1. Roughly how big is the stretch 439-497's charge dipole about its Cα centre, with Cβ charges of +1 (Lys, Arg) and -1 (Asp, Glu), in debye to the nearest 20?
2. Check the straight Cα-Cα distances from K159 and name the aspartates and glutamates below 14 Å, setting aside those fewer than 8 residues away within the same chain.
3. Taking K332 as the anchor, which lysines have their alpha carbon closer than 23 Å to its alpha carbon, excluding any fewer than eight residues away along the same chain?
4. A304 to E93: FRET efficiency via 1/(1 + (r/R0)^6), r the Cβ-Cβ distance, R0 22 Å, to the nearest 0.05?
5. Find how much the distance from D211 to L160 grows on full extension, using 0.36 nm per residue of separation minus their present alpha carbon separation; answer in nm with one decimal.
6. For Q406, list long-range residues whose amide hydrogen, built 1.01 Å from N in the peptide plane, is under 5 Å from its own amide hydrogen.
7. Which of the pairs K108/K175; K358/K523; K146/K527 have their Cα atoms more than 23 Å apart in this structure?
8. Between the stretch 162-201 and the stretch 435-478, what is the separation of their alpha carbon centroids in Å?
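Taken together, the values in this text are just the output of simple stated rules run on the coordinates, not laboratory data. Just so it is clear, the model here is predicted, and its values are computed rather than measured. With ideal geometry, Cβ positions are generated from the backbone for all residues, glycine too; neighbour counts draw on all protein chains shown.
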Amino acid sequence: MGRADARRAQRHGSRRAVKSGGIRRLFTWRKLLGAAFGLCLLGMGAFAVLYMVVQVPEGNAQARLQANVYKYSDGTLLARTGEINREIVSLAEVPKDVQRTFVAAENKSFYHDQGVDFKGTARGLINTVSGKGKQGGSTITQQYVKNYYLDADQTVTRKLKELVISLKVDQQRSKSEILAGYINTSYYGRGAYGIQAAAQAYYGKDAKDLDVAEGAYLAALLQAPSQYDWAVATPRGKALVKERWNYVLDNMVGEHWLDSGARQGMKFKIPQTPKPAEGITGQKGYIVNAARAVVQKQENITDAQFDVGGWTIIVNIDKKKQRQLEKSVKTKLIDKLDTKGRKLDKDVQAGAVSVEPKTGKVLALYGGRGLTEHWTSNATRRDYQPASTFKPIILAAALDQESQTQDDQQITANTRYDGTSKRPVKGSDDAFAPENEDDQNYGQVTVQTAMNKSINSVFAQMGVDVGMDRVMQTAGKLGMDVKGLPAVPAQTLGSMGASPMEMAGIYATLDNHGKKVTPQIVKSAQKQGDEPVKLPDAIGDQVIKRQAADSVTSVLTGVVDDGTAHQAVRNAEGLADQQIAGKTGTSDDNKSAWFTGYTPDLVTSVGLFGEAAFPRTADDGKKLRTGSQVPLKGAGGGGRVNGGGFPAEIWADFTAQAMGAPSKFDLDTDMGAAVTPPPDTSSPSPSTSPSDKASPSKKPSSPPPSSNPPTRSETPVTPPPVTPSDDPTTDPPTDPTTEPGPTSPTDPPVNPGDSRPNGDNSLTQ
């Protein structure tokens, strides 16, 4: 190589050296460290800004949703309702060892960490950016933040928010609050959100009753709820969940939360098979809706506010009595209807309510054929007439007001009235002449007889004698909703609307000696975190005098012992020795039929309602829609459906099973208790007097009532068998003035003859 070549080579080498040296000068370790430090400062600054900007948000609405839980009076589950099956419980309601199973499963350092796993979070960010999918490693705090404040989206932004919020939550909340939030918001499978719902779903018990082995399974579930559910898990899934279960318990031993000896003896508890959710099918729906309505009214909250959930409502319903009422309706009514062979039978709707008179508790309720089939509850609907079950209210008003007849005679059970059908009432500006059932004339009868036979003309006149305004006021005091109703004589036929719940309350007030009883279906109600709801008092003030109420009860025992309810009630097995008061009712055109009756300890109102199951044209050419009121006549294959038929039979069957040992009324009355009325000895021809009592100057044909009041709680007298000659409807006497008053309870009863038909004896009996 010549000199020229050498100089060129030297220049090229110099350039390479200069270039190499420049690179080394540009990327020195000092500069690299400085750049890294600068990036760290930038990251820290960005995080500081993020920390200041990101605030702990309100919990998301979905995470706050809970189920509303309804329980029977004994605390057993009645139903759960709501979009989310979750019932939030405090950490104090979860055993300490069970709490620790979740910590052992998910985050052993939970009690002393800062709420964030930086390594796990960084790993999750890297995997998210690189598209490798979800990455675990989060702390319990971070999982709680994700469940309660954020969502499950796998994005860098969501991960960074989770980090910041978790740090803040750890500073602002106690570890107990965070752990409680975590176990209450997590999903456990089987539609169960939160530990309480999970405990019920997998072990059929409340969270407070879980043991360590059960808690370890629920904690293990959170890793893969669907895969680890024992009922549906594959053999591989079962092996994995048992492995996870062992892992949880071993961690507890390692953290000194579980004794190693106890751990060795612990066995895996196989969860129960899944059960359908306790929804609102059948009668449960009617009970739930009635209870819900009470709470919403008392708290003045909307449907939307209530549906957020968190309510635990205990009802007064007695599970055994509820089942018995449902059984009685089935055996005494439903089984006798042929809805396929007789379309008319589809129109029959039944409703019933049973109340404890001393407490006002609603012990049983029948609302219809099931909420999914018939939305309206027949137990609380008020669109059908109570008919002659209103008559005791008229008598109660008369006795409480110490009212007198048109000829100034005080109204008592002994007072005589003209029972002629279609007799115009006297003393009213409103013309009214009600027809008795089958247009039957009775002539002069006592009030006791008129109640037994449910004679419309007598009680129409009595209502006018008392004053219809006073009658309606008394109805309101006893518990009937009379707001806006006119005080006219036609109301004596029970032409207003009323529900079985309402009528049960009215008769319970009579049973409770005139002290107001308002049926109460809710025993207690409380929303999670709030004070219990203050419920209205079921037992109120004395609304009518005790003697008035007890006298009505005394008279109503005659309806059962010698009246329209006798055949159905007294022939029922188990009721022969039980004192019973009650009244039947059959509305105009037979669109409703009732029996409301009571013993000293149980009041039950049963109503049957004719409701069109399908559209049709009525006999008079009127178009009927589904749901229109229609007659019950012919249902069950018979004729008119009377209160003494299906309703009384249901009542008797239920009461015989539900009442307990026979008991006696404690009555404070000088009218006698269940005194058998004398025979009707009056002419069927109309009397010239609208309300008549034997003249004091005339001597009765039998001894007068004893001047001494009867002892309380006399045993009712059951009349002997019928003889045709005793029937005043077939061989009426001619003298309208010779009917004696009721015999004294100390005297031998006079056989009145069994002139009772199978059904009701008045148009609105």
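1. Details: 4 positive and 4 negative charges, 29 e Å.
So the dipole magnitude of the stretch 439-497 works out to roughly 140 debye.
2. D117, D151
3. Qualifying lysines at Cα under 23 Å: K284, K319, K320, K321, K340, K343, K346, K583, K591, K633.
4. On the way: r = 28 Å, r/R0 = 1.26.
With R0 = 22 Å, the Cβ-Cβ based efficiency is 0.20.
5. Numbers: separation 51, 0.36 × 51 = 18.36 nm, distance 3.72 nm.
Length gained between D211 and L160: 14.6 nm.
6. Residues meeting the amide H criterion: S691.
7. Where the Cα-Cα span goes over 23 Å, the pairs concerned are K146/K527.
8. The stretch 162-201 and the stretch 435-478 have Cα centres separated by 66 Å.
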